[in-house]
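To keep things clear, I will list the structure first and then write my remarks on it.
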């Protein structure tokens, strides 16, 4: 695509999203001043939105509705208040909050001050929090009151600021923060499902290319009402905080996810976009059909999920119930996005991760670094404008010809759709055969008596490793391990049949919905 063709395409995407439109002179001036002061970063989100329409609803949480103008004032007040408490540009401050305005006040306020927000997982135990805090060099903590006990191990030298105090700062007399000498960013932790969480630094993008790329694949629009059910501390949730600000949308949040309450919220707020993780859709679909049908969810245009694998059967069942509104984004903290599966893609191949949006390059490489043909597995490498610069403690992902490894293995089908076979380190070697558990898991989920399934490798003297299937039975269903083994044996090669089948009440998951496989392999 040539320069002018690319510019015309970008303009078309931005126009369709409602971003490229006429503005009044005072709006243009206000947006320009905000971008000059803060750059294209979290610090400018509400300042730019306030210049466009200060009264537009920016955020709705349990405490009510806040406009763009109010959010701009609140976050400026927080920045000034934190400066009074000794926080300075370049400092790193931990943020340990659930999804509510306090999280947004803190992170955007820190960005306006030129400080970095270390986004902390609300599911952390005390020792892990202390380990992350020390490793990342954070100098203070902003936290919900419920997490102060978890933070006891940080020691008396680390100042704690509870979100109630942040709220008082935000609502005080209007104050102007000091001019930042640097752009404040966010340190987002990896999920830690295969080891200790690592910090990945995220600064603002250098241009609008990434926004155009995503909007070309997922039809988000200016003025959407977006319920961000995914945790805001996670890359996926925080991305939607940023997208809502960039699009001038209303972001709806709740401190805790509840499936029926989500349907009620969609009806009450006329939510147009739901940003979630796959396990949340599973919990919604676990509700009785009569409960789901009791709520008017016709306002939903887009349901977009990421953060963990989306089972193909769940994708189909969800669309059968809520319409063809589901988009599945495959990505990671390190590389942002890799591919997006549209409703049409998911109807054609429910287990697919979709296609790379324009501006993103995806290649599958073998051990020698050469591309593999369709149908053959290879390591997934990706290139886009949002690759992270490395872990805060040093190190990065492998890079080949400017493309970064995701840590996953996958394959393309003949139509160019990407399928993720599993993590490189999830591969099970049994009797010399390489097995990725996702194929077996997808098959088990096709059994009507299976609600959830995870396949792991456990040590075996004869085979090196053997397959263990950990299964959650569907409500009211009855099935035996031998029946499930026979079900797999009739459809896959013999070496892919789990030798053990263990029934559990639920699978261990982290706060973003990813299954913690290492706990199942013990």
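Some values worked out for this structure:
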{"quantity": "Convex hull volume per residue in cubic angstrom - Cα atoms of region 427-520", "calculated": "95"}
{"quantity": "Likely footprinting exposure, 66, 253, fewest C-beta neighbours within 10 Å first", "calculated": "66, 253"}
{"quantity": "Relative contact order (percent, whole number), region 425-516, Cα cutoff 8 Å, 6+ residue spacing", "calculated": "26"}
{"quantity": "Residues 409, 250, sorted so that the one with the fewest Cβ neighbours within 10 Å comes first", "calculated": "409, 250"}
{"quantity": "Ellipticity estimate at 222 nm from DSSP helix runs (n ≥ 4, -39,500 (n - 2.57)) divided over the chain, nearest 500", "calculated": "-9500 deg cm²/dmol"}
{"quantity": "Mean separation of Cα contacts under 8 Å, 6 or more apart, over the residue count of region 338-458: relative contact order %", "calculated": "19"}
{"quantity": "The chain - percent relative contact order, Cα under 8 Å, separation 6 or more", "calculated": "11"}
{"quantity": "Convex hull (Cα only) mean projected area of region 211-425, reported in nm² to one decimal", "calculated": "12.2"}
{"quantity": "Degrees separating the helix 126-136 axis from the principal Cα axis of the chain, which is the longest one", "calculated": "60"}
{"quantity": "Between region 230-257 and region 272-334, the alpha-carbon center distance in angstrom", "calculated": "16"}
{"quantity": "In degrees, nearest ten, helix 259-269 long axis to first principal axis of the chain (Cα)", "calculated": "40"}
{"quantity": "Tail fraction, Cα-Cα pairs, region 218-332, threshold 21 Å, whole percent", "calculated": "29"}
{"quantity": "Fewest-first sequence of 338, 502, 440 by Cβ atoms within 10 Å of each Cβ", "calculated": "502, 440, 338"}
{"quantity": "Tilt relative to the chain, helix 101-113 - C-alpha long axis, 0 to 90 degrees, to 10", "calculated": "60"}
{"quantity": "Antiparallel %, DSSP beta bridges [both residues in the chain], to 5", "calculated": "60"}
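Taken together, the values in this text are just the output of simple stated rules run on the coordinates, not laboratory data. Everything numeric in this text was worked out from a predicted model, so none of it was measured. Neighbour counts are summed over all protein chains in view; Cβ atoms, including those assigned to glycine, are modelled from backbone coordinates with ideal geometry.
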